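The values are calculated or read from the model by the stated rules, or taken from the named source; none is laboratory data. Model, not experiment: these values are computed from the prediction. Quick reminder, even Gly has a Cβ in these numbers, built from the backbone with ideal geometry, and neighbours come from all protein chains shown. Please note that ligands, DNA and RNA were not included when accessible areas were found on the heavy atoms of the full protein model with its side chains. Shrake-Rupley method; radii C 1.70, N 1.55, O 1.52, S 1.80 Å.
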Amino acid sequence: MGIRLLLPLAALALAVPGAAQLPQAEPYVLGQTYTVSTEILEGESRKVTVRLPVEYEAEPERRFPVVYLLDGGPDQDFAHIAGIAQSREMNYSFEPFILVGIQSVNRRHELAPPVADPRPYEQFLNATPGGSPAYRRFLREELKPLVEANFRTDGHDTIIGESLAALFVVETLLEDPELFDDYIAISPSLWWEEMKYGREAAGYFARHPAGKRRLYLTTANEGDWHREGTERLVAALRSDAPESLRWTFVDAGKSETHGTLLHPMALDAFRALYGTPSREYRGSPLIGGPAITERTAEEKALLERECTRDNSRAMTPGTAERGREALYYRCLLLELGPAPREGTLGD
């Protein structure tokens with residue numbers, strides 16, 4: 001039986017014309033990976049993967065902000081977020097940035113805050129928590145200076161993480177807020193230590209140093225202390241956050257789960273924090289737009305003006321669609337993605 005099956009398959013393979021053979025493959029490169037030594041993290045090394053925007057080579061005098069991605073190893077979340085960064089180079093919906101993915105080796109230790117009693121965490125996580133202070137030292141004293149010395153950075157730094165890594169983001173905002181300018185926390189594990197960082201957030205905010213910072217916070221359909229801890233943090237942000245801390249909370253509980261939240265909300269965070277203005281144009285008559293006419297002096301003046309965040313009108317795509325004829329050639333800052341439940345980011 002086996003021989004009778006193999007013979008037709010062999011004949012089929014011989015019948016395939018040479019033109020159907022694939023040529024030599026070329027690798028598709030998302031970034032460059034460096035092995036970085038560290039004395040702070042018990043002498044271990046870390047893989048750090050960097051993606052540069054296309055403008056980096058095209059505009060050699062330009063400097064760029066940096067987004068540091070936790071759990072960002074080449075076999076972790078780097079490729080997912082790099083794809084989102086690459087999509088910007090087709091739709092230009094947010095500003096370009098240097099993406100730095102940091103490999104996690106033992107994330108349940110190195111990204112986890114200290115606890116009063118490690119035993120239940122060791123049983124639940126199979127790791128001893130408490131490595132987050134050392135990991136922040138690694139970022140501050142070793143990795144960030146290395147990145148700044150080797151790439152054209154502009155001094156504006158962001159940290160992004162999901163789940164336990166997002167807990168590290170929130171803890172860093174509260175414990176060491178000057179380490180980054182922007183904080184993106186996607187479904188943070190705020191059940192930690194019986195919701196410690198939600199319960200005590202107001203006290204942390206009271207001690208916040210001066211300086212402008214921003215927080216993008218989102219959660220999915222989590223229950224128990226995961227959700228309650230987030231709501232406690234939101235309540236503290238609502239009543240006690242310093243004025244210089246702008247924040248937004250996007251509740252994705254009706255549309256996403258803990259496992260599906262990272263990709264759509266990372267895109268939403270980049271658009272919310274670094275959204276770029278666009279311009280409304282008349283459609284072509286070929287697709288049902290108005291007849292082609294000579295542009296008025298006002299329209300010509302609008303086209304000559306550069307669009308910036310400061311001179312653009314903020315509105316949703318739906319609002320722009322309804323008022324299109326009054327918006328031709330004007331600068332718009334479109335509020336893309338899900339609407340935030342609350343916050344001060346757009347104030």
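Is it true that G289 is assigned to a helix (DSSP H, G or I), without any contact (Cβ under 8 Å) to a residue 40 or more places away in the chain and exposed (fewer than 13 other Cβ atoms within 10 Å of the Cβ)?
no
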R309 vs. criteria in contact with a strand residue (DSSP E or B) (Cβ under 7 Å, 6 or more places away or on another chain), open to solvent by 50 Å² or more (accessible area, probe 1.4 Å) and part of a helix (DSSP H, G or I): no
List the residue pairs whose Cβ atoms are under 6 Å apart, where the first residue sits in segment 50-68 and is part of a strand (DSSP E or B), the second is among the aromatic types (F, W, Y) and buried (at least 18 other Cβ atoms within 10 Å of the Cβ), and the two are 6 or more positions apart or on different chains. F64/F97; P65/F97; V67/F97
Looking at segment 47-74 only, could you name the residues that are open to solvent by 10 Å² or more (accessible area, probe 1.4 Å), within 13 Å of the chain's Cα centre (by Cα) and under 20 Å from G275 (Cα atoms)? P65
Whichever residue in segment 207-229 is among the hydrophobic types (A, V, I, L, M, F, W, C) and at pLDDT 95 or above and, among such residues, is nearest to H263 (Cα to Cα): L217
Any residue in segment 149-172 that's aliphatic (A, V, I, L, M): show its pairings with residues that are open to solvent by 10 Å² or more (accessible area, probe 1.4 Å) at Cβ separation under 6 Å, as long as the two are six or more apart or on different chains. A165/D71
Residues satisfying the stated conditions in segment 312-347, i.e. in a loop (DSSP other than H, G, I, E, B), open to solvent by 50 Å² or more (accessible area, probe 1.4 Å) and aliphatic (A, V, I, L, M): L336, A339
Looking only at segment 119-144, which residues are open to solvent by 40 Å² or more (accessible area, probe 1.4 Å) and more than 21 Å from the chain's Cα centre (by Cα)? R119, P120, E122, Q123, F124, N126, T128, P133, R137, E141, E142
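Looking only at segment 263-286, count every residue that is open to solvent by 20 Å² or more (accessible area, probe 1.4 Å) and either among the acidic types (D, E) or under 22 Å from A82 (Cβ atoms) (or both) and tell me the total.
Of the residues in segment 263-286, 8 are open to solvent by 20 Å² or more (accessible area, probe 1.4 Å) and either among the acidic types (D, E) or under 22 Å from A82 (Cβ atoms) (or both).
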Count of residues meeting criterion [closer than 25 Å to G198 by Cα and touching a Lys or Arg at 6+ places or on another chain (Cβ under 6 Å)] in segment 121-163: 2
Among what's in segment 75-118 and is assigned to a helix (DSSP H, G or I), closer than 24 Å to L146 by Cα and charged (D, E, K, R), pick the residue that is most open to solvent (accessible area, probe 1.4 Å). R107
Segment 177-247: helices (runs of 4 or more DSSP H) wholly inside it with 2 or more residues that are within 21 Å of the chain's Cα centre (by Cα) are 224-240
